[in-house]
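Peer 1: Before I ask anything, let me first share the structure, which is written out below as structure tokens.
The values are calculated or read from the model by the stated rules, or taken from the named source; none is laboratory data. As the structure is a prediction and not an experimental result, all values here were calculated from the model. Cβ placement follows ideal geometry from the backbone for every residue including glycine, while neighbour counts extend to all protein chains displayed. Please note that ligands, DNA and RNA were not included when accessible areas were found on the heavy atoms of the full protein model with its side chains. Shrake-Rupley method; radii C 1.70, N 1.55, O 1.52, S 1.80 Å.
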Amino acid sequence: MAIFETAASSYNRPMVRFAWVLGCAWAVAGCAGDRDSGLGEEQGPPYDDGADDGDGDGTGDGGGDDGGDDGGGDDGDGGGTGGDDGGSGDGGSGDTGGDGGDPGEPAGTCGEGGPKGQIIEVSLGSPERWYIIGAPNTDEPLPLVMAFHGDEGNPYNSTRYIWGSYWEDLADPGFIAVMTKCPGCESWYQGDTDANAAYVWEVLTDVASSHNVDINRVYAVGYSGGSEFLSLHGWEFQGVFAAIQWTCGGNAYGPYTEPPRPDCKVRGRIVISADDFLWDGAQNLRQRLEDEGHEYEFVEAQCSGHCCDTPDHNEGAWAWFQNHTKCCGVVTGDCAELEDLP
């Protein structure tokens, strides 16, 4: 993980506008954690080896999306998001975490047979149904970042804009990267978007079956038209995606889909320049996140126009993703499904 630890630790955010929303997700035990007024500070990874010090039936201090430091925390009082499933402190290990693996380890999908150590195209049966994947050469559960291209219709091109040089060297990125082609369309928000959303599930299922995906740390990032699509259908993936970044776009489209639990409201990050032609739409998305009680971050990118390839967009995204786990907690154990909740 040397590549991304270096980038994340050296990254600082100029002109960041923080908007941390005190919605219902914060009212759930285990999400609020020990937050103080330092809302804009960098925070540590959401967990390392599980909620070893929790002393009740939850997951310590909840492994909240403010970092949690120890995935359940040294200060945990048992009121975490584990609920009836139990934590891994004195209250006993829960039965959500799969098939009886180490209760302190994050649960993965236990997929196998997929390509590792290289960037490669994977076909799903037709010329219009394919994705690019880059996965480190390890069997350990890894985070998954799924990227959605813009109007250029080519995930190879969009990777430069979304992540810049990150995709040029996947020797040890610390996560699985998936960039999928919109099936039968130039951009994700065009055509039958319901069918496009169903295809996202197909890709996620395929990746989970071929790689060991850490189900607590699945993220999405959209570029331009991809952000427009995630504004429309991203809510449907609450309970799978821990966090979404809307890059150079976003709006308040369509109906809102409630998460499986209040503490599973997906965390949001919007990155856009002040003179981007999609700025007004991004403000609408920002308002929706606030109205629906989501924790989010708004970043005014330090570039001009429809620009999407600065450190705010790429290093900043990965640094921010690392602060968030699904539903403010951690499913531990051995094999688990993408939809399993902590």
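Peer 1: Exactly one condition in (1) farther than 18 Å from GLY150 by Cβ; (2) crowded, with 24+ Cβ neighbours inside 10 Å; (3) not charged (D, E, K, R) is false for HIS313; which is it?
Peer 2: (1)
Peer 1: Another question about this same structure. Taking GLY222 as meeting all but one of (1) more than 14 Å from the chain's Cα centre (by Cα); (2) open to solvent by less than 10 Å² (accessible area, probe 1.4 Å); (3) within 18 Å of ASP194 (Cβ to Cβ), write down the number of the exception.
Peer 2: GLY222 satisfies all of (1) more than 14 Å from the chain's Cα centre (by Cα); (2) open to solvent by less than 10 Å² (accessible area, probe 1.4 Å); (3) within 18 Å of ASP194 (Cβ to Cβ) except (1).
Yes or no, residue by residue, for (1) among the polar types (S, T, N, Q); (2) touching a Lys or Arg at 6+ places or on another chain (Cβ under 9 Å):
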position: ASN251; (1), (2): yes, yes
position: CYS264; (1), (2): no, yes
position: ILE272; (1), (2): no, no
position: GLU292; (1), (2): no, yes
position: PHE298; (1), (2): no, yes
position: CYS307; (1), (2): no, no
position: GLY316; (1), (2): no, yes
position: TRP320; (1), (2): no, yes
position: THR332; (1), (2): yes, no
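Peer 1: Among the residues of the stretch 198-223, count how many are assigned to a helix (DSSP H, G or I), in contact (Cβ under 8 Å) with a residue 40 or more places away in the chain and either under 16 Å from GLY281 (Cα atoms) or aliphatic (A, V, I, L, M) (or both). Don't jump to the end; show me each part of the working.
Peer 2: Taking the stretch 198-223 first, the residues assigned to a helix (DSSP H, G or I) are 198-210.
Next, from what is left, pick out any that are in contact (Cβ under 8 Å) with a residue 40 or more places away in the chain: 199-200, 202-210.
Retained after the next criterion (residues that are either under 16 Å from GLY281 (Cα atoms) or aliphatic (A, V, I, L, M) (or both)): 200, 203-204, 207-208.
Count: 5.
Peer 1: Only one residue in PHE229, PHE237, PHE241 is surrounded by fewer than 24 Cβ atoms within 10 Å (Cβ to Cβ) and among the aromatic types (Phe, Trp, Tyr). Which one? Spell out how you get there, then give the answer.
Peer 2: Numbers: PHE229 fails: surrounded by fewer than 24 Cβ atoms within 10 Å (Cβ to Cβ); PHE241 fails: surrounded by fewer than 24 Cβ atoms within 10 Å (Cβ to Cβ).
Just a single option satisfies the conditions, and that option is PHE237.
Peer 1: So which residues in the stretch 138-165 are touching a His at 6+ places or on another chain (Cβ under 9 Å), open to solvent by less than 50 Å² (accessible area, probe 1.4 Å) and either basic (Lys, Arg) or at pLDDT below 85 (or both)?
Peer 2: Result: PRO155, SER158, THR159, ILE162, TRP163, GLY164.
Peer 1: Another one. Just name the residue that is least open to solvent (accessible area, probe 1.4 Å) out of those in the stretch 117-137 that are in contact (Cβ under 8 Å) with a residue 60 or more places away in the chain and not hydrophobic (A, V, I, L, M, F, W, C). Step through it out loud before you land on a result.
Peer 2: Here is the first cut: in the stretch 117-137, the ones in contact (Cβ under 8 Å) with a residue 60 or more places away in the chain are 122, 124, 129, 131, 133, 135.
Subset that is not hydrophobic (A, V, I, L, M, F, W, C): 129, 131.
On the way: ARG129: 71, TYR131: 3 Å².
Step by step, filter the stretch 117-137, then rank; the result is TYR131.
Peer 1: Then there is this: Out of ASP172, ASP214, ASP206, ASP192, I need the residue that is modelled with pLDDT of 95 or more, out of contact with any Gly (no Cβ under 8 Å at 6 or more places or on another chain) and among the acidic types (Asp, Glu). Which one?
Peer 2: Numbers: ASP172 fails: modelled with pLDDT of 95 or more; ASP214 fails: out of contact with any Gly (no Cβ under 8 Å at 6 or more places or on another chain); ASP192 fails: modelled with pLDDT of 95 or more.
Going through ASP172, ASP214, ASP206, ASP192 in turn, the sole match is ASP206.
Peer 1: Same structure again: Within the stretch 256-283, track down each residue that is among the hydroxyl-bearing types (Ser, Thr, Tyr) and surrounded by 16 or more Cβ atoms within 10 Å (Cβ to Cβ).
Peer 2: Start the filter on the stretch 256-283 by keeping residues that are among the hydroxyl-bearing types (Ser, Thr, Tyr), which leaves 256-257, 273.
Within the stretch 256-283, just SER273 meets the criteria.
Peer 1: Of everything in the stretch 179-197 that's of a type in the set (Ser, Thr, Tyr) and part of a loop (DSSP other than H, G, I, E, B), which residue is most open to solvent (accessible area, probe 1.4 Å)? Explain how you work it out, then say what you get.
Peer 2: Quick first cut of the stretch 179-197, residues of a type in the set (Ser, Thr, Tyr) only: 180, 187, 189, 193.
Retained after the next criterion (residues that are part of a loop (DSSP other than H, G, I, E, B)): 187, 189.
Working: SER187: 0, TYR189: 90 Å².
Checked the stretch 179-197; the qualifying residue most open to solvent (accessible area, probe 1.4 Å) is TYR189.
Peer 1: Kindly list, by first and then second residue, each pair from a residue in the stretch 140-154 that is more than 16 Å from ASP309 (Cα to Cα) to a residue that is among the small types (Gly, Ala, Ser) and in a loop (DSSP other than H, G, I, E, B), limited to pairs with Cβ atoms under 9 Å and residues at least 6 apart or on different chains.
Peer 2: PRO141/ALA107; LEU142/GLY174; PRO143/GLY174; PRO143/ALA242; GLY153/SER187
Peer 1: Go through (1) surrounded by fewer than 24 Cβ atoms within 10 Å (Cβ to Cβ); (2) under 18 Å from CYS328 (Cβ atoms) for ALA252 and report which single condition fails.
Peer 2: (2)
Peer 1: Taking the residues in the stretch 238-262 that are within 14 Å of THR325 (Cα to Cα) and of a type in the set (A, V, I, L, M, F, W, C) as candidates, determine which candidate is farthest from the chain's Cα centre (by Cα).
Peer 2: The selected residue is VAL240.
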